[in-house]
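Take a look at the structure set out below.
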Amino acid sequence: MFDFDTPIDRRGTWCIQWDYVGDLFGANDLLPFTIADMDFATAPCVIQALQKRVDHGILGYSSWQHEEFFGAIRHWYQQQFNCEINTNWMVYGPSVMYMVSQLIRIWSEPGEGIVVHTPAYNNFYKIIQGNQRQLLSCPFEKQGNDWVCDMDQLEALLSQPETKILLLCSPHNPTGKVWSHSELKTMSELCQCYNVSVISDEIHMDILRGETKHIPWSEVATTRWALITSASKTFNLTALTGAYGFIYDDHSRAACSHQLMQRYGLSSPAIFSISAHIAAYREGQPWLDALRDYLSGNLNYIAQELNAVFPQLNWQPPQATYLAWIDLRNLHIDDDKLQQLLVHEEKVAIMPGRIYGEAGNGFLRFNAGCPRSKVELGIQKLISALKKLC
């Protein structure tokens, strides 16, 4: 029903991944597997909703506070996660990171600590540093093909007097880990014990593999919390801007809305984002099911090809996201030399793990959200570079 195989030329569309790859890699003629958006057109139901809005012709001030939007979100949470979400707790903003940054300023002071599981999404480092807060790293332990949080180490960080926030990524970027109910419950109880607020970034909540289930933070929360997310990652809508979230306590929710409207003057949402969310959440399930199957095929191909040539890697696809977090440490190669080969000889751009913190050394993050033919070409070029170094 949906065509994910036919490439769509994104060059010349002001696309960060394709048109501005040189900004990060120093060369413009590269095949990119970088920033986390997909090379697929969004769902047809979303295109139709946007076209209908364009045809109306008037693009004036609008609102997100209406039952069509609320109802679509309640429907999605019931359908995807079998949970009832209270839309009275909702807030809206231009992006997930913008809203996370707001909450950091509301719930902490400069110099105070924010706990993050590492390796971490690179923008977590930026917004914590940009807000003059202290990042407290809780490194994952890799056990087989699982990523495990040392709860004793986490408790030691949460118990420090300067710790005010746990900034959670669920599912986790870049590892693709999906948190279990028991893990989430333990973290929730620890945060309650030490009076630590929780911000849960759940933008990757819909891109799951197989029977894996995502559990929204709202299902385990016991202390002051916020869940921030968007349909933008799932349905490839990031250019439209727009995110929403749930903040449990009235005071924090009012403070967030006050900052948005009174401090920054942002009161009217991007109407295309609202229209896209409603269409995606009401009608986008068949497209998402097909997308998940296709992405699973891409990730399985990566595992098959890498492990055939380098069996010592034993790389397995992640539980969530379309991002292949590839552990190359068993090959004992130099990260810088690998990047030199990839960029200057193989002509591909693949994100080096160090971008995601010190715990990312020895890893690559390969964006598999693209047609299979592109994945095949990129992985063969990666294998070629690895062979030269091994």
- Task: Of the conditions (1) within 27 Å of H251 (Cβ to Cβ); (2) assigned to a loop (DSSP other than H, G, I, E, B); (3) touching a Gly at 6+ places or on another chain (Cβ under 9 Å), Q102 clears all except one; give me its number.
- Result: (2)
- (1) in the same structural domain as R354 (by the TED database); (2) open to solvent by less than 80 Å² (accessible area, probe 1.4 Å); (3) touching a Lys or Arg at 6+ places or on another chain (Cβ under 9 Å) all hold for F25 apart from (3)
- So P317, is it in a loop (DSSP other than H, G, I, E, B), open to solvent by less than 70 Å² (accessible area, probe 1.4 Å) and either free of Cβ contacts under 8 Å to residues at least 24 places away in the same chain or of a type outside the set (G, A, S) (or both): yes
- Task: Tell me, please, whether a residue that is without any contact (Cβ under 8 Å) to a residue 24 or more places away in the chain and within 26 Å of A239 (Cα to Cα) can be found in the range 98-118.
- Result: no
- Which one of these does H181 not meet: (1) within 21 Å of the chain's Cα centre (by Cα); (2) open to solvent by less than 10 Å² (accessible area, probe 1.4 Å)? (2)
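Inside the range 51-68, can you point out the residues that are open to solvent by 90 Å² or more (accessible area, probe 1.4 Å) and among the hydroxyl-bearing types (S, T, Y)?
Within the range 51-68, just Y61 meets the criteria.
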- Please specify each residue of the range 108-122 satisfying the condition of being open to solvent by less than 60 Å² (accessible area, probe 1.4 Å) and either in a helix (DSSP H, G or I) or of a type outside the set (D, E, K, R) (or both). S108, G111, G113, I114, V115, V116, H117, T118, P119, A120, Y121, N122
- Query: When only residues in the range 53-68 that are assigned to a helix (DSSP H, G or I) and in contact (Cβ under 8 Å) with a residue 60 or more places away in the chain count, which is farthest from Q339 (Cα to Cα)?
  - Reply: E68
- Can you tell me which residue in the range 257-287 is surrounded by the most Cβ atoms within 10 Å (Cβ to Cβ), limited to those that are farther than 15 Å from Q65 by Cα and modelled with pLDDT under 95? Q259
- Considering only the range 4-22, state which residues are more than 20 Å from the chain's Cα centre (by Cα), open to solvent by less than 50 Å² (accessible area, probe 1.4 Å) and not charged (D, E, K, R). F4, G22
- Task: Go through the residues of the range 111-125 one by one and say whether even a single one is charged (D, E, K, R), in contact with a helix residue (DSSP H, G or I) (Cβ under 8 Å, 6 or more places away or on another chain) and modelled with pLDDT of 95 or more.
- Result: no
- Task: Output yes when any residue across the range 225-245 is assigned by the TED database to the domain that holds A279, open to solvent by 30 Å² or more (accessible area, probe 1.4 Å) and closer than 24 Å to E109 by Cβ, and no when none is.
- Result: no
- Matching residues, the range 218-251, being in contact with an Asp or Glu (Cβ under 7 Å, 6 or more places away or on another chain) and either touching a residue at least 40 places away in the same chain (Cβ under 8 Å) or assigned to a loop (DSSP other than H, G, I, E, B) (or both): T222, R224, I228, T229, T234, N236, T238
- Query: Looking at the range 30-50, is at least one residue outside any loop (DSSP other than H, G, I, E, B) and open to solvent by 70 Å² or more (accessible area, probe 1.4 Å)?
  - Reply: yes
- Task: Considering only the range 123-134, state which residues are open to solvent by less than 50 Å² (accessible area, probe 1.4 Å), of a type outside the set (F, W, Y) and under 19 Å from the mean Cα position of the chain (by Cα).
- Result: N123, I127, I128
- Note on the structure: Out of (1) within 30 Å of F366 (Cα to Cα); (2) touching a residue at least 40 places away in the same chain (Cβ under 8 Å); (3) of a type outside the set (F, W, Y), the one N28 does not meet is (2)
- Message: Step by step: first the residues of the range 97-107, then only those that are open to solvent by 10 Å² or more (accessible area, probe 1.4 Å) and of a type in the set (A, V, I, L, M), then the one that is farthest from I278 (Cα to Cα). Which residue is that?
- Response: I106
- If we scan the range 328-348, do we find a residue that is closer than 21 Å to H204 by Cα, touching a Phe, Trp or Tyr at 6+ places or on another chain (Cβ under 9 Å) and open to solvent by less than 10 Å² (accessible area, probe 1.4 Å)? no
- Item | Residue among Q17, Q79 that alone is within 22 Å of H277 (Cβ to Cβ) and either in the same structural domain as V348 (by the TED database) or assigned to a helix (DSSP H, G or I) (or both) | Q79
- Message: Among the residues of the range 193-203, are any open to solvent by less than 10 Å² (accessible area, probe 1.4 Å), assigned to a loop (DSSP other than H, G, I, E, B) and either modelled with pLDDT of 95 or more or not charged (D, E, K, R) (or both)?
- Response: yes
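The values are calculated or read from the model by the stated rules, or taken from the named source; none is laboratory data. Nothing here was measured: the structure is a model prediction, and the numbers come from that model. Positions of Cβ are generated from backbone atoms using ideal geometry, with glycine treated the same way; all protein chains shown enter the neighbour counts. Just the protein is used for accessible areas: all its heavy atoms, side chains included, with ligands, DNA and RNA removed. Shrake-Rupley method; radii C 1.70, N 1.55, O 1.52, S 1.80 Å.
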